[in-house]
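To start, the structure under review is shown below, and the notes come after it.
The values are calculated or read from the model by the stated rules, or taken from the named source; none is laboratory data. Here the structure is a predicted model, which is why all the values come from computation and not from measurement. So basically every Cβ, Gly included, is an ideal-geometry build from the backbone, and we count neighbours across all protein chains shown.
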Amino acid sequence: MSFIQLRQLTKQYKQAEQPAVDHIELEIEKGEIITLLGPSGCGKTTTLRMIAGFEQPTSGVINIGGSEVFGEKTYVPPEKREIGMVFQDYALFPHLTIEKNVVFGLNKWSTREKKARAKEVLELVGLAEYGKRYPNELSGGQQQRVALARALAPRPHVVLMDEPFSNLDAGLRERMRYDVTSILRKANTTAIIVTHDQKDAFAVSDRVVVMNQGVIQQIATPRDMYRCPKNCFVAQFVGKTNLLTGTLCSDLKHVDTYIGRVSLPTQSEKIIEDVRVSIRPEGCRLAENGRYSGKVERVTYSGEYQEVEVRLGERDLSSEPMVVYAPVEQEIEIGAVISFDIKPELVALVEV
Ligand SMILES: Nc1ncnc2c1ncn2[C@@H]1O[C@H](COP(=O)(O)OP(=O)(O)O)[C@@H](O)[C@H]1O
Ligand SMILES: [Mg+2]
């Protein structure tokens with residue numbers, strides 16, 4: 001049995017028309033780092049708060065570490081769930097030293113045990129020298145590591161983190177993605193992290209859970225999520241993509257679209273006539289005599305690559321132009337005709 005289980009978990013807020021979280025099913029293994037990813041309002045925080053016990057589910061079951069903490073006849077209060085919570089604003093106590101902050105939840109421990117544990121977790125987060133300081137004497141990244149140390153101190157079943165990177169600027173954010181994962185790995189903790197940022201999610205997790213409007217869209221490793229998005233929402237939310245309508249050929253290996261025939265990485269398992277195909281911009285490689293060609297409408301320089309918008313054919317003027325990525329050294333003029341090939345590995349059949 002997996003370490004954490006959510007069964008048909010649902011939250012219907014009183015005044016709301018639709019449930020904030022709608023019959024979600026999720027199983028998490030011990031030691032796994034899972035991210036709930038989705039746009040604002042999709043139900044991530046509500047899910048996390050239900051797991052923590054701060055929010056009462058409308059229905060469903062929550063199991064943690066082999067015992068039911070919420071069910072038809074069960075309600076275990078937050079302080080008894082053995083959960084470590086890291087809040088978005090860290091919520092450190094400004095009048096307590098870092099050491100005292102870290103041991104705050106260890107009520108039943110002796111003074112000596114507390115001291116030893118504080119030392120241990122502060123070492124774990126790389127702040128062994130900072131025990132006597134106060135929160136306002138630390139940087140944002142250090143404060144976050146203190147919050148994580150405090151969450152880990154009682155050796156919880158699971159650590160929950162709500163948007164842990166959103167208060168950090170770009171450089172520090174990348175650093176903290178790395179630090180947080182390596183701390184969680186070293187502590188061998190199960191963790192559920194909430195974020196609306198795909199890059200955060202991919203960088204820190206074993207598996208990603210994409211949610212939209214309270215419903216789980218897909219659960220997969222970052223690699224599988226990117227390569228094989230299940231539906232149009234996931235394909236668009238996780239990275240940039242071109243979505244085209246088309247018809248699946250009888251060999252189940254190609255799709256006819258308005259830009260021409262597109263090869264799939266593997267044969268489709270189902271016979272579906274009208275399909276959607278997702279083509280990643282980096283799967284389109286400029287080539288002298290490429291299979292597809294069109295007129296350049298726009299070029300956006302990003303530093304790492306150029307994002308080129310290409311109009312292929314006259315058929316579909318209302319639709320978006322294709323987006324392809326080109327190397328920065330290549331000179332591309334607006335109005336020019338360019339041609340490219342498509343790597344099948346970055347093509348996926350997706351549900352509507
Ligand atoms: N206490 C509340 N009362 C009523 N509606 C709420 C409450 N908290 C959240 N919601 C609504 O539930 C939905 C999901 O919210 P939330 O879980 O905070 O989303 P996320 O964290 O993904 O941005 C939103 O539509 C939000 O407005
Ligand atoms: Mg939220």
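Within segment 59-68, identify whether any single residue is within 30 Å of F237 (Cβ to Cβ), assigned by TED's automatic domain parsing to the domain that holds P135 and among the charged types (D, E, K, R), and answer yes or no. Scanning segment 59-68, I find no residue that is within 30 Å of F237 (Cβ to Cβ), assigned by TED's automatic domain parsing to the domain that holds P135 and among the charged types (D, E, K, R), so the answer is no.
Restricting R7, R81, R49 to those that are within 16 Å of ligand 2 (Cβ to nearest atom) and of a type in the set (K, R) reduces the list to R49.
Selection of segment 246-295 for residues being exposed (fewer than 15 other Cβ atoms within 10 Å of the Cβ) and either touching a Lys or Arg at 6+ places or on another chain (Cβ under 6 Å) or not assigned by TED's automatic domain parsing to the domain that holds A336 (or both) yields Y258, Q267.
Looking only at residues in segment 334-352 that are more than 14 Å from N289 (Cα to Cα) and among the small types (G, A, S), which one is surrounded by the most Cβ atoms within 10 Å (Cβ to Cβ)?
Looking at residues that are more than 14 Å from N289 (Cα to Cα) and among the small types (G, A, S), I get A348.
Among the residues of segment 30-45, those identified as within 12 Å of ligand 1 (Cβ to nearest atom) and surrounded by fewer than 21 Cβ atoms within 10 Å (Cβ to Cβ) are P39, S40, G41, T45. Screening S182 against (1) closer than 26 Å to E82 by Cβ; (2) touching a residue at least 12 places away in the same chain (Cβ under 8 Å) leaves a single unmet condition, (2).
A search for C-beta distances below 6 Å between a residue of segment 152-174 that is more than 23 Å from E99 (Cβ to Cβ) and any residue that is part of a loop (DSSP other than H, G, I, E, B), counting only pairs 6+ apart in sequence or on different chains, returns H157/G65; H157/E82; D162/Q88; E163/Q88; R173/F165. Candidates E55, E27: the one that is closer than 27 Å to I183 by Cβ and within 16 Å of ligand 1 (Cβ to nearest atom) is E55.
Taking strands (runs of 3 or more DSSP E) as the structural unit, those lying wholly within segment 166-274 and holding at least 3 residues that are more than 16 Å from ligand 1 (Cβ to nearest atom) and not β-branched (V, I, T) correspond to 242-248, 260-263.
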